[in-house]
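> My structure is below; once you've seen it, I'll send some questions.
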Amino acid sequence: MLKKTITYTDYNGVERTEDFYFNLTKAEIMEMQLSTTGGLDEMIQRIIATQDVPAIAKIFKDLVLKAYGQKSPDGRRFIKSQELTDEFSQMEAYSELYMSLATDADAASAFINGIVPKDVAERAAEIQKNQQASE
């Protein structure tokens, strides 16, 4: 789970600083993998290789919005709903986050690594390292 503290100006001109939470479960990641021909990671690699900027932007938007939710007070649940997603996407906080990730590759990478379970991120890093070593 990733907590992002975002400072933004709301539509009344009030500057706000709030914490927002993002997380993808192993089940959500598996669903994304299985629902994409060739798997999500392969599709992302193809898009990056072809420099398809609109497709990259759409994937990034989808990941941010799919990962957004709110922790239950007891910490047992991470609550996601279309209503919460819509609410977040309509805030300037979303715009601030999206722009920061779209303009900073390191921030984008840290975000992705922060929203996936640690063991999934570690496994992905290991696979990437092995691929680079064999090239």
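The values are calculated or read from the model by the stated rules, or taken from the named source; none is laboratory data. Since the model is a prediction, treat every value here as computed from it, not as a measurement. Positions of Cβ are generated from backbone atoms using ideal geometry, with glycine treated the same way; all protein chains shown enter the neighbour counts.
> Consider Tyr94 against the criteria (1) modelled with pLDDT of 95 or more; (2) farther than 23 Å from Asp10 by Cα; (3) surrounded by 14 or more Cβ atoms within 10 Å (Cβ to Cβ); (4) not charged (D, E, K, R): it satisfies all of them except one. Which criterion is unmet?
So Tyr94 meets the others, but not (2).
> Might you check whether a residue that is in contact (Cβ under 8 Å) with a residue 60 or more places away in the chain, among the acidic types (Asp, Glu) and exposed (fewer than 13 other Cβ atoms within 10 Å of the Cβ) occurs anywhere in the stretch 4-13?
yes
> I've got another one for you. If you scan the stretch 20-74, which residues turn out to be in contact (Cβ under 8 Å) with a residue 60 or more places away in the chain, in contact with a Gly (Cβ under 8 Å, 6 or more places away or on another chain) and not aromatic (Phe, Trp, Tyr)?
Asn23
> Would you check which residues across the stretch 103-119 are part of a helix (DSSP H, G or I) and buried (at least 16 other Cβ atoms within 10 Å of the Cβ) and list them?
At the first step, the residues of the stretch 103-119 found to be part of a helix (DSSP H, G or I) are 105-115, 118-119.
Within the stretch 103-119, Ala108, Phe111, Ile112, Gly114, Ile115 qualify.
> While we're looking at this one, here's another question. Would you check if Leu24 is of a type outside the set (S, T, N, Q), within 21 Å of Glu83 (Cα to Cα) and in a helix (DSSP H, G or I)?
no
> Here's a follow-up. Any residue that is within 25 Å of Phe20 (Cβ to Cβ), of a type in the set (Val, Ile, Thr) and at pLDDT 95 or above - is there at least one of those in the stretch 67-82? Even if it seems obvious, please write down each step before you answer.
Step one: of the stretch 67-82, the residues within 25 Å of Phe20 (Cβ to Cβ) are 67-82.
Next cut, of a type in the set (Val, Ile, Thr) only: 79.
Filter once more, keeping what is at pLDDT 95 or above: 79.
Yes, there is a match, as at least one residue in the stretch 67-82 is within 25 Å of Phe20 (Cβ to Cβ), of a type in the set (Val, Ile, Thr) and at pLDDT 95 or above.
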